[in-house]
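The values are calculated or read from the model by the stated rules, or taken from the named source; none is laboratory data. Note that the structure is predicted; figures quoted are calculated from it, not measured. In this analysis, Cβ positions are derived from the backbone assuming ideal geometry, glycine residues included, and neighbour counts consider all displayed protein chains.
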Amino acid sequence: MSEASTLEQGELQNINSVVGERNARSDNEFGLESIDHFALPTANIELMERFIREVLGGKPYYYAGFDETDRKMGRAKHIFIRVGNVLMQCAEPSDGKMIIRKDDPNSPPHQAFLVSAAALKSNIERLRGLGIPVAGPYRHRGIDVVSAYFQSPEGHKLEICTWEPYEGEALMTGAPGVGVVPWLSLAHDWPNTKR
């Protein structure tokens, strides 16, 4: 069923994409091209910065709010770290309240990084070697993506996924006995986890 016919009927229905269609087009009537950056709150900016560098391979890009001039101006501590071609912005909430927490069983919000099929396998092994619990890999019904899920030490939900053909074993999300991502079991205390 095409996008147009689904919208004309006035109700949403399952849409199954054609394998490989994901990257075939990038047109947008308003000129939106891709994600430039996304912002995450953090109660411990130093720990989050270290996690992004050491676990996600992030490269420092822009840090502010750490010197005396910024403090006098009232600038909150915030950082931009490049992961691939996407910037991750992290900032301490001005009211000190975190909306991210380790005991949140919901899937959203989460951020996903694109990897090759080979990189998906190697990253799952690498993360587990760091003592970071990983759920997956999972296949998704009706779409040609395979994903693995994990969290930051504070509970930010993260995904790595591939749209390439994946030869390894992967569970089907939603299948009997598999269910959905077990977010609560992915909580950890990196870098204090046992390796």
Considering only residues of region 33-52 that are charged (D, E, K, R) and over 17 Å from I132 (Cβ atoms), which is surrounded by the fewest Cβ atoms within 10 Å (Cβ to Cβ)?
E33
For K97, only one of the following conditions fails: (1) assigned to a loop (DSSP other than H, G, I, E, B); (2) closer than 30 Å to R141 by Cβ. What is its number?
(2)
Note on region 141-187: residues in contact with a Leu (Cβ under 9 Å, 6 or more places away or on another chain), surrounded by 12 or more Cβ atoms within 10 Å (Cβ to Cβ) and of a type outside the set (A, V, I, L, M, F, W, C) are S147, Y149, Q151, S152, P153, E154, G155, H156, K157, T162, E164, Y166
Hey, any hits in region 68-82 for a residue that's more than 26 Å from G129 (Cα to Cα) and among the β-branched types (V, I, T)?
yes
Residue by residue through region 62-119, note down the ones that are closer than 14 Å to L40 by Cβ and small (G, A, S).
A76, A91, A112
I'd like to know if region 103-121 contains one or more residues that are surrounded by 14 or more Cβ atoms within 10 Å (Cβ to Cβ), without any contact (Cβ under 8 Å) to a residue 40 or more places away in the chain and not in a loop (DSSP other than H, G, I, E, B).
no
Subset of region 122-134 [touching a helix residue (DSSP H, G or I) at 6+ places or on another chain (Cβ under 6 Å) and crowded, with 20+ Cβ neighbours inside 10 Å]:
none
Which residue out of V55, V18 is on the phi < 0 side of the Ramachandran plot and surrounded by 11 or more Cβ atoms within 10 Å (Cβ to Cβ)?
V55
Hits in region 37-93 - residues which are assigned to a loop (DSSP other than H, G, I, E, B), closer than 27 Å to S122 by Cα and of a type in the set (G, A, S):
G57, G58, G84
Any residue at all in region 75-83 that is surrounded by fewer than 12 Cβ atoms within 10 Å (Cβ to Cβ) and under 18 Å from G96 (Cβ atoms)?
no
Filter region 45-70 for residues that are under 16 Å from A91 (Cα atoms) and basic (K, R); the one that is farthest from the chain's Cα centre (by Cα) is R50
Is it the case that some residue within region 28-38 is modelled with pLDDT of 90 or more and under 20 Å from I79 (Cα atoms)?
yes
